């Protein structure tokens, strides 16, 4: 008799398990939807919004008390701190020829220094917008917890602030396709956690400082192609970047060539000289 009842017992157990999992999911969803951001950070985000021209109303949800529910903003569930801002242009012109839509959906204006009040920010993506030739704000160096920074295709220019080297937690830095110029600051060597560094399609000039590679041992992607770098390619690239997977140096003004023994160290690496 007991052997005939065991399937029924299993069905009941399975039903209870599914029911409990559903309750957990519903409770988690409710908790997530009830996150309320800190007032100081809400004001910082509103000041940032006010510094921008938002023709497409991309930031139309940026109203009310709960900034954790706003487009492109994510908060930590427990601390309520804003840890992520992702406001990249939703139009991907790499796959889309609609340049008019791309321009319409671009946020334009200045990057307000109110963002420096978001002390727990770890992720910031403002790529594919239009910041009207402005420089990278100096206050970015105060965002000590930043791990991901993408400012590519954003019509930024001028010199890279030396203080960016203070972002010791940074793992991803993408500045490609802007109008940056001048020399590469040696302070980049302080980005000891950096894994992805893309400076391509700019107007950097001068030699690449050999000393920057002494501490970038975790670097996996290094792209400085399509610039005006000159001088010799530092051999330290081949000696210190033991984790490198992609190395792009093409379309610069480097002189000389590297010994074959050096380039042979990079077997299996996507390498362009």
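Please state which one of 121, 143 is out of contact with any strand residue (DSSP E or B) (no Cβ under 7 Å at 6 or more places or on another chain) and at pLDDT 95 or above.
143
Go over the candidates 89, 57, 34 one by one and state the one that is modelled with pLDDT of 55 or more and surrounded by 17 or more Cβ atoms within 10 Å (Cβ to Cβ).
On inspection, the qualifying residue turns out to be 89.
Mind listing whichever residues of region 74-86 are closer than 11 Å to residue 41 by Cα and either in contact with a helix residue (DSSP H, G or I) (Cβ under 8 Å, 6 or more places away or on another chain) or at pLDDT below 95 (or both)?
Correct list: 75, 80, 81, 82.
Which one is modelled with the lowest pLDDT, of the residues in region 197-211 that are touching a strand residue (DSSP E or B) at 6+ places or on another chain (Cβ under 8 Å) and surrounded by 19 or more Cβ atoms within 10 Å (Cβ to Cβ)?
208
Taking residue 237 as the residue in question, decide whether it is touching a strand residue (DSSP E or B) at 6+ places or on another chain (Cβ under 6 Å), more than 17 Å from residue 158 (Cα to Cα), buried (at least 16 other Cβ atoms within 10 Å of the Cβ) and at pLDDT below 95.
Against the criterion (touching a strand residue (DSSP E or B) at 6+ places or on another chain (Cβ under 6 Å), more than 17 Å from residue 158 (Cα to Cα), buried (at least 16 other Cβ atoms within 10 Å of the Cβ) and at pLDDT below 95), residue 237 does not qualify.
The values are calculated or read from the model by the stated rules, or taken from the named source; none is laboratory data. In this text, all values refer to a predicted model and were calculated from it rather than measured experimentally. No Cβ is skipped: glycine too gets one built from the backbone with ideal geometry, and neighbour counts run over all protein chains shown.
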